[in-house]
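The values are calculated or read from the model by the stated rules, or taken from the named source; none is laboratory data. A quick note: this is a predicted structure, and the numbers were derived from the prediction, not measured. Note: ideal-geometry Cβ built from the backbone for every residue, glycine included; neighbour counts use all protein chains shown.
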């Protein structure tokens, strides 16, 4: 009886198979193809299929690629931070202050802009943030500024503002869901046990909402690293990101292997960065809990975070003198992945669901 | 009891086994259920009673043994071709259909004309007292009404067996008690076999002709309600059905019961055969009585101190600490006129009768 | 009514969210060739001009063909996956569903270039058909998310009850499951239609010489003189999206009401 798959499992697999096969053919196979391409080279129109790591060494050492990759990460991190910080109060407001029958309409209002043309929305930000646009116009009329602000368009700031707008619902919804799941009697219990509103928020609400916050971080960070349209339309030359370079490689330079390599490097970078970040958050929370939380816990966790980030920062800025430009990336990847893996192995999942 | 003894059993379960992976959900279940019988599967959650019901309905494939219905082996027969119908725990009322459409759902393939169908639906709804609600949308029904619709929907197909999966558990207490009586009436009216799954021992005792008590996938005892209550087969069954006091005892020539003294082995009930050595003696609360001043025990009496009083209105439960016994025994008294409720700490005389004793080996 | 700081923040946030969409019609009806304040006066002219651009009509037709095909394909595939995910347990379920939902978070550029590289390698021309495939991949997770909501609301004993009352599995699906998920299916069709209609990156990479509406728009953005027309077109697109979205949400809610459930939130 227990041998092979149960009837339920066989039926389930059969029914899921059309979607699965479609995804395998149109997602897994193409992804594997670009991974293969990243190990090949191109001479004019001929693809040379000898295995080589040349693309990777170029992608990792060329200062332009490195700068673009780093800038993409930085912009994505800023977008994520801005989006999540702005989204939390909104999600909190809808979950805790809006009457139940009105919640659906608020969520609907928040998702509507997301469903309208991406291209047009981004283009309109160019209009809004322009030298003679409504933002500058209003500020000058109010007498708050004398000259139009120039730092809000055609640079990284404009990319951050525009992407924070585009990804707003992606951040609000997961946080809202995790806030909705909180049993309201827990908050009453905290107050009954003597905590004030503020400490109840920090000791009960926020920790319970963390799974939603983390989901929001993932769902905003990953796609923004690879955004193409926004940097092209509002980024100017100082806001160009890695996706734009991938496009240039494939279409303008017709160097498909290099384009593929950059895409793979981008995916790997995002994966390693996120794995490092999530698992280190687990580590920091664990340290905090170890000493019983409170001020001491916060201080210890904060110190650990500073040391962890500091090591990576030092390597990024000074490591090239020691390990060479490509070597330092290897060392960083080893430290990040090694730390992440050892935390994953030795520390159990913490209370934030990670 | 309306057991039809002339024909053979309607349902026979023969060595039925069910595994979920390594988990042994049903262990060698054998039983026979007669035509027209009200049969209950009673047990705590996870004992396999619902699995067994679903196996009879055809929703679970059994791993071994046979299930026959009117002498026909049901192996491989899908639920839609079995002469059984089911009332689901959630009632499974189709939310997108009206009450009438729900009740008439199973008639689609019957080949009945529209007029006949409408008549059958009307009759089925009248039978459960919902004749006036036929046009209502299903999701606008109350819990009790849903249950009646589920009953009408199953009975309209004139099944040989109606299977009921905890049909009363979603109702409040008052409604549940009314429905118990109504289900019994309904079963007598239609005269078909009802197989009921329940975890509520009172419900099973009230409604059933016979009850199978199940623990861990096995039938621990299969008997009529009175037998089950009076002569429980094991200590566990005794504990599960109603309340029973257990007193440590030693069986030899006579039965030496702690706190009560020696008893002749002859009068006591001994479901597992002759006992010797350490054993437990079970006494139901209603077989013990408080003796008021001037009353004498019909059989024997013992002294004690009232430890706890639980007042129920019509009844009072007393926990009495008997001299020489560690744990108090529980007894119940009807609150008839002229009898005061005793206070905690009061001295009490307790009357008891060896013939009410059930003895289990330890 | 008491004014809460949080409420004020929420309103400001909505202003931030809606700023671009509110500006769009202002410029579309503005009687001036420059997209800037101050506004000059009201005109229908830019909308009228839309009728005189053959390339636009072609792009519109392409977009409509693609969006309709994608809506149907993605919803069909999504139905299978959603049904499997809610009703069955199978090995690697988490991994398989996670993989199918992956395009939801994967940067679109990655999806687009990997598809493009495969097509080039196989020697296939990029065309409407390739865009349909790419968009279907992208829309499938949304379809699954919506349909899973419909399927998950179904009590499994409803299906068993239908079988118990004499229907076959197929009959139970047709008579009980399908009517209950129809609103979800319609919502999924509309949402996939909207996503495909508005999608730019994959269309841009895979369109070849058959542009979609967003690809056409992208081309026009370079010419300042064309911008008022672009605004007019954008207004129509945004209005269409919002109307379709409201209809889709109406269907989704109707589906929930049919099952006697309360609305638990929006899409996604």
With the first residue restricted to the range A:123-144 and required to be free of Cβ contacts under 8 Å to residues at least 12 places away in the same chain, and the second required to be in a helix (DSSP H, G or I) and loosely packed, with under 14 Cβ neighbours inside 10 Å, Cβ contacts under 9 Å at 6 or more apart or on different chains are A:144/A:138
Across (1) more than 12 Å from chain C (Cβ to nearest Cβ); (2) under 23 Å from residue B:9 (Cβ atoms); (3) at pLDDT 90 or above; (4) surrounded by fewer than 21 Cβ atoms within 10 Å (Cβ to Cβ), residue B:145 clears everything bar (2)
Of (1) surrounded by fewer than 19 Cβ atoms within 10 Å (Cβ to Cβ); (2) facing chain B (nearest Cβ under 7 Å), residue C:160 satisfies every one except (1)
Residue hits (the range B:148-174; crowded, with 16+ Cβ neighbours inside 10 Å and either in a helix (DSSP H, G or I) or not assigned by TED's automatic domain parsing to the domain that holds residue B:69 (or both)) are B:148, B:149, B:150, B:151, B:152, B:153, B:154, B:155
Residue set C:75, C:60; condition part of a helix (DSSP H, G or I) and within 30 Å of residue A:20 (Cα to Cα); output residue C:75
Being within 19 Å of residue A:111 (Cβ to Cβ) and touching a helix residue (DSSP H, G or I) at 6+ places or on another chain (Cβ under 9 Å) narrows A:163, A:214, A:233 down to just A:163
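Conditions tested, residue by residue: (1) within 14 Å of chain C (Cβ to nearest Cβ); (2) part of a helix (DSSP H, G or I).
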{"position": "A:5", "(1), (2)": "yes, no"}
{"position": "A:9", "(1), (2)": "yes, yes"}
{"position": "A:13", "(1), (2)": "yes, yes"}
{"position": "A:67", "(1), (2)": "no, yes"}
{"position": "A:76", "(1), (2)": "yes, yes"}
{"position": "A:80", "(1), (2)": "yes, yes"}
{"position": "A:86", "(1), (2)": "yes, yes"}
Exactly one of C:221, C:178, C:240 is farther than 22 Å from residue C:24 by Cα, surrounded by fewer than 21 Cβ atoms within 10 Å (Cβ to Cβ) and modelled with pLDDT under 90, and that residue is C:178
In the set B:281, B:309, B:268, B:263, the lone residue that is in the same structural domain as residue B:343 (by TED's automatic domain parsing) and closer than 18 Å to residue B:342 by Cβ is B:309
Restricted to the range B:123-142 and to residues being part of a loop (DSSP other than H, G, I, E, B) and over 30 Å from residue B:11 (Cβ atoms), the residue farthest from the chain's Cα centre (by Cα) is B:135
In the range B:39-65, residues that are at pLDDT 95 or above and assigned to a strand (DSSP E or B) total 4
Subset of the range C:23-47, residues in a loop (DSSP other than H, G, I, E, B) and either in contact with a strand residue (DSSP E or B) (Cβ under 9 Å, 6 or more places away or on another chain) or more than 11 Å from chain A (Cβ to nearest Cβ) (or both), comes to C:29, C:31, C:32, C:33, C:39, C:40, C:41, C:43, C:44
In the set B:124, B:57, B:75, B:118, the lone residue that is within 21 Å of residue C:167 (Cα to Cα) and within 12 Å of chain C (Cβ to nearest Cβ) is B:57
Taking the range B:109-122 and keeping residues assigned to a helix (DSSP H, G or I) and either loosely packed, with under 14 Cβ neighbours inside 10 Å or outside the structural domain of residue B:133 (by TED's automatic domain parsing) (or both) leaves B:114, B:115, B:116, B:119
(Q) Would you confirm whether or not the range A:91-99 contains a residue that is within 26 Å of residue C:238 (Cβ to Cβ) and in contact (Cβ under 8 Å) with a residue 40 or more places away in the chain? (A) yes
Residue hits (the range C:216-234; more than 9 Å from chain A (Cβ to nearest Cβ) and in a helix (DSSP H, G or I)) are C:216, C:219, C:220, C:224, C:225, C:226, C:228, C:229, C:232
